[in-house]
Amino acid sequence: MTCKILVVEDEIFVATEIEYLVSELGHSPVGIAADKATAFHLAPLADIALVDLNLRDGPTGTEIGRLLAEEHGITVLFMTANPSQLGDGVPGTIGVLPKPVAEEELKQAVNYAVAKRHSLTADVPARMTLFS
């Protein structure tokens, strides 16, 4: 059960590390988006998006995540050092994982997002906050 995963992250070393881990788990990375325009260009290719909040074009991650979920039906998981910026959550998205993230925790988060995408149950990573 593989998924196509979009990484919305402007720090290239972080983004490539996430892509590598996604591949290692057997999924297909569809690209790295460092800004809103690139995220929406790559959106038609993705099932899941891992979205940071503060990107090259400013604090656009919240809006990107909401629109990817609402308009493209993508399963969105936020990953940010500033989870409080999301308040009570973003409609249509599954949750937030605070950064920095350990490799094992990131694997659990990706597995959780994949399970949610396929309407399966999965363990929630310890530091992940789910949105209702």
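Taken together, the values in this text are just the output of simple stated rules run on the coordinates, not laboratory data. Bear in mind that the values here come from a model prediction, so they are computed numbers and not experimental data. When we count neighbours, we look across all protein chains shown, and the Cβ atoms used for this are built from the backbone with ideal geometry, even at glycine.
Annotations
- Per residue, the convex hull spanned by the Cα atoms of region 42-105 amounts to 94 cubic angstrom.
- (i) 18.2; (ii) 15.2; (iii) 14.1, with the label sought being that of the calculated Kirkwood radius over Cα pairs in Å: (iii)
- Residues with amide H under 5 Å from that of A49, placed H, sequence gap 5 or more: L6, T75, V76, L77
- Whole-Hz couplings from phi, Karplus 6.51/-1.76/1.60, listed for region 2-9; x for Gly and Pro: 9, 10, 9, 10, 9, 9, 9, 7
- Amide H contacts of A33: V7, V8, E9, each under 5 Å away and 5 or more positions distant or on a separate chain (H built 1.01 Å from N in the peptide plane; Pro and chain starts excluded).
- Computed helical MRE - 222 nm, the chain, DSSP H runs ≥ 4 contributing -39500 (n - 2.57), nearest 500: -11000 deg cm²/dmol
- Exposure proxy order (Cβ contacts within 10 Å, fewest to most) of I12, I64, I18: I12, I18, I64
- Calculated from backbone phi, Karplus (6.51, -1.76, 1.60) coupling profile of region 89-97 in Hz, x at Gly/Pro: x, 10, x, x, 9, 8, x, 9, 10
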